[in-house]
Amino acid sequence: MIKIRIMVGNLNLLKLLLAAVLLCLATVLNAGVYRWIDSDGTVHYADVVPPAVASQGHSELNQQGMTRKTVAAAPSPEVIAAQQRSETLAKLRAQKENEQQQRDKYLLANYANVAELEAVFKSKLELLEKNTQSMQERRDSLKKRLETVKKQLEDIKDASQRKTLEGYVSEAETTLGHYIHALQENQTEQDNLRQHYDKDKARLSELLKKSPSSPHPDQSKAPATPRAEPARQ
């Protein structure tokens, strides 16, 4: 009876040992072999990929030496920068296309033909030219007055009078600077208006040729104020 118990105990121990051996063998058989190429072009094989080369890309092989899995190399800083530039350009193109679509809608909603666009352009330009002329006249008048006051200062000895006139001269010169700046802005606005008119005229002509039946504003039902013009870049 004792011998039978010993034999059964040994048999159970043997089974446990056999199971452990089979488990280890299965682990070994399933263990991957990795292949990678270093910066010098040398091919390496190992059961573990070193951390230093993990980002360079590698292949996992099965027991027959066939590629089971491929891990791509991490993108270089140059590649990442190129991808970012490409994404930025794509966003800019999309933004430009959207702005053009909004501009097209504005043109078709407000002008039935090129003649109407030209009439609005001439009206805006005329207003800017009148503003320019008015500012130039005021600037020239102030310059003459300033020259007169400066000549008067040459002959005035009274300190109080000199202080008053000098204060006027300072203010007048500041105002002249404002006139010069305003005239420059006005001229820039005129130049932009002419440039945008040329583009809008060509674009409206193109749109009307493509879609001559596009809906145009009914002047009898037009609102008191035209549709808001999209902001220009």
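Output yes when any residue across the stretch 163-175 is closer than 29 Å to Leu107 by Cα and of a type outside the set (Val, Ile, Thr), and no when none is.
For the stretch 163-175, residues closer than 29 Å to Leu107 by Cα and of a type outside the set (Val, Ile, Thr): absent.
Restricting to strands (runs of 3 or more DSSP E) lying wholly in the stretch 30-118: which have 1 or more residues that are basic (Lys, Arg)?
33-37, 67-71
Give the stretch 49-103 a look and list any residue that's of a type in the set (Lys, Arg) and in contact (Cβ under 8 Å) with a residue 40 or more places away in the chain, or say none.
Arg103
Name the residue that is nearest to the chain's Cα centre (by Cα), counting only residues in the stretch 133-158 that are farther than 21 Å from Glu173 by Cβ and of a type outside the set (Lys, Arg).
Among those that are farther than 21 Å from Glu173 by Cβ and of a type outside the set (Lys, Arg), it is Gln133.
Is there any pair linking a residue in the stretch 37-48 that is surrounded by fewer than 10 Cβ atoms within 10 Å (Cβ to Cβ) to one that is among the polar types (S, T, N, Q), with Cβ under 8 Å and at least six apart or on different chains, and which?
So the pair list comes out as Ser39/Gln56.
We did not get these values from a lab; they are worked out from the coordinates using the rules stated. In this text the structure is predicted, and so the values were computed from the model without any measurement. Reconstructed Cβ throughout: ideal geometry from the backbone, glycine too, with neighbour counts over all protein chains shown.
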